Structures are given as structure tokens and as C-alpha cells.
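Data block below; observations after.
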Amino acid sequence: YDLSLTRAPIELTLIGDLTEADAIRALSATLGALPARASAGAAPERLSYEKVKSTHVQGYHLGAKDRAALLLTWPLFTPSIDRIREQHVLSLLGGIFQNAAFDEMREKLGKTYTPSVSLTFNDGDQGSLNLVIQSSPADVAQVEEAAEKIAARLAAGGITDKDLERVRIPIVSKLGGQRENQAWWL
């Protein structure tokens, strides 16, 4: 089982109208009354792309011969509180990449139905920006080339106001709608 459940530090957030002394008393009688946790020992190994020896890995499956999938991964950084702004910017970039992949690969080339971009930052491991494309085996090289061109354009700063607005407007609309329900106010 996962040792982090039994040995990793516990983070606790208290919300409410109580004094520090009241919070200390309440915690001392509950969570603080538990026996001390065993030492975690050596720090857990974190995943890092620096350990990957190959930049291009190809795999095969025994499924349908007319289907292929392509996963492209761009390594990022290990998250920290100092880099939270960068994570938010990358979230917007992921949305821009998603729209560009859809426009280019589905609408223009007609080579895939659902290109999917995701941003991953897992529990202190190095993050990544990922693009998954399902296509036919004959079209994999073409969609990979299109993805690399989009990535190069975005990395070079080729982001227009229209690109940003296409991502920003749905986010703002969703947040506006959330303010109309009780959960947001709570």
C-alpha cells in the first residue's frame, strides 16, 4: 500500500470562528491525541524526465489494425508554491494547445476526432504537458508533425489575443455561473 498514507506529513486546514487556543485544544483532544507516526525514512523517489534515456518510444498493441494512438509529452517542472503562477499560465496554454490541435488535426486535416491536451502535476513529481491523439496508423506521422508545429509556434510566443480569449471566456463564464449558487458563497 502507499506509505504516504501512514507516514507522510498531515496537512490540516481549520475554518471557522475560533481562537488559536480553541483550535489547539480541539486538535490536542482529537488528531493530536493519536500516537506519533513512524518516521518516513528516506524521502520517496520522485518521478523526473531527466531519468528517461529515450525521447521517442514506440509501442504496439494487438487491437484493431485500423486504430493507432499517439502520446506526446513535454516535460515541465516540479511544482512548488513559488511557481503557482506558472502553473496557471500553463493551464491557459493547455487550453490554447487543445483548441489549436482540434482546429488543425480534426477540422483542417480530418485525421483525428478528439485530440486531447492535459496538464499534469502529481504530488511533487515533475509535471508534463501531454497530447493524446487517436488516428489511423498511416496518419500518425502527419498528426505528430502537426502537433510539433503547434508546440513550436506556442513555445515561440505565437499566441494571439483571439487564442487567449477562446480559452478565457469559457473560464470566466463558468466562474460567473458558479457565483449564482450557494456552494460558491459557502
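For the stretch 110-127, the count of residues that are without any contact (Cβ under 8 Å) to a residue 12 or more places away in the chain, among the basic types (Lys, Arg) and out of contact with any Cys (no Cβ under 6 Å at 6 or more places or on another chain) is zero. What are the residues in the stretch 151-186 that are modelled with pLDDT of 75 or more, open to solvent by less than 60 Å² (accessible area, probe 1.4 Å) and either more than 19 Å from PRO115 (Cβ to Cβ) or in contact with a Pro (Cβ under 6 Å, 6 or more places away or on another chain) (or both), if any? If the condition is that a residue be modelled with pLDDT of 75 or more, open to solvent by less than 60 Å² (accessible area, probe 1.4 Å) and either more than 19 Å from PRO115 (Cβ to Cβ) or in contact with a Pro (Cβ under 6 Å, 6 or more places away or on another chain) (or both), then GLY157 is the only one that fits.
Can we say ASP103 is farther than 21 Å from ALA69 by Cα, charged (D, E, K, R) and open to solvent by 30 Å² or more (accessible area, probe 1.4 Å)?
Numbers: farther than 21 Å from ALA69 by Cα: no; charged (D, E, K, R): yes; open to solvent by 30 Å² or more (accessible area, probe 1.4 Å): yes.
Against the criterion (farther than 21 Å from ALA69 by Cα, charged (D, E, K, R) and open to solvent by 30 Å² or more (accessible area, probe 1.4 Å)), ASP103 does not qualify.
In the stretch 122-132, of all residues being open to solvent by 50 Å² or more (accessible area, probe 1.4 Å) and not charged (D, E, K, R), the one that is farthest from GLN58 (Cα to Cα) corresponds to ASN122.
For the stretch 154-170, name all the residues that are in contact with a helix residue (DSSP H, G or I) (Cβ under 8 Å, 6 or more places away or on another chain) and in a helix (DSSP H, G or I). First the steps, then the outcome.
Our first condition is that a residue be in contact with a helix residue (DSSP H, G or I) (Cβ under 8 Å, 6 or more places away or on another chain); within the stretch 154-170, this holds for 154, 159, 163-164, 166-168.
Within the stretch 154-170, LEU154, ASP163, LEU164, ARG166, VAL167, ARG168 qualify.
Exactly one residue among LEU70, LEU90 is open to solvent by less than 70 Å² (accessible area, probe 1.4 Å), among the aliphatic types (A, V, I, L, M) and within 14 Å of the chain's Cα centre (by Cα), and that residue is LEU90.
For the condition at pLDDT 75 or above, assigned to a loop (DSSP other than H, G, I, E, B) and of a type in the set (D, E, K, R), LYS53 does not qualify.
Might you let me know whether the stretch 118-137 holds any residue that is in contact with a strand residue (DSSP E or B) (Cβ under 8 Å, 6 or more places away or on another chain), under 12 Å from LEU72 (Cβ atoms) and part of a helix (DSSP H, G or I)? Break it down into steps so the answer makes sense when it comes.
Taking the stretch 118-137 first, the residues in contact with a strand residue (DSSP E or B) (Cβ under 8 Å, 6 or more places away or on another chain) are 118-120, 126-137.
Imposing the further condition that a residue be under 12 Å from LEU72 (Cβ atoms) reduces the set to 118, 128-133.
Among the residues that remain, those that are also part of a helix (DSSP H, G or I) are: none.
No, the stretch 118-137 contains no residue that is in contact with a strand residue (DSSP E or B) (Cβ under 8 Å, 6 or more places away or on another chain), under 12 Å from LEU72 (Cβ atoms) and part of a helix (DSSP H, G or I).
Only residues that are at pLDDT 70 or above, surrounded by 11 or more Cβ atoms within 10 Å (Cβ to Cβ) and under 21 Å from the mean Cα position of the chain (by Cα) were counted in the stretch 20-50, giving 2. So which residues in the stretch 133-150 are among the polar types (S, T, N, Q) and open to solvent by 30 Å² or more (accessible area, probe 1.4 Å), if there are any at all? Residues satisfying the conditions are GLN134, SER136, GLN142.
The values are calculated or read from the model by the stated rules, or taken from the named source; none is laboratory data. Just so we're clear, the structure is a prediction, and the values are computed from it rather than from any experiment. All Cβ positions, even for glycine, are placed from backbone atoms using ideal geometry, and neighbour counts span all protein chains on display. For accessibility, only protein heavy atoms count, side chains too; no ligands or nucleic acids. Shrake-Rupley method; radii C 1.70, N 1.55, O 1.52, S 1.80 Å.
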